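Where a number appears in this text, it was derived from the coordinates with a stated rule and is not lab data. Fair warning: this is a prediction, and the values are worked out from it, not measured in the lab. Neighbour counts run over all protein chains shown; Cβ positions are idealised from the backbone, glycine included.
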């Protein structure tokens, strides 16, 4: 590789490094009252309390939420609807609750 090509390549790589990419939207998260020091995100394990049947949100369709799989349920945590996998407590989706 000639010195000119090398210089051109390095200059191009240097300028690409200076280009600022647009910031991605913040990943949705929720803080459960039971664990106020822990921010929960998709793929995290929610507190066991939210796997209970009595915590399931019954009116998910009226709230514009998707139908949960057979092994999942929607619960409300703070101002968010959270889709929880019942078998292991994994958070599958977080949707802000609408006023």
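Gain on full extension, evaluated as 0.36 nm per residue between residue 38 and residue 5 minus their Cα-Cα distance, stands at 6.8 nm. Computed from the C-beta positions of residue 78 and residue 53 and an R0 of 25 Å, the FRET efficiency is 0.75 to the nearest 0.05. Across region 29-96, C-alpha contacts under 8 Å between residues 6 or more apart give a mean separation that, scaled by the residue count, equals a relative contact order of 33 percent.
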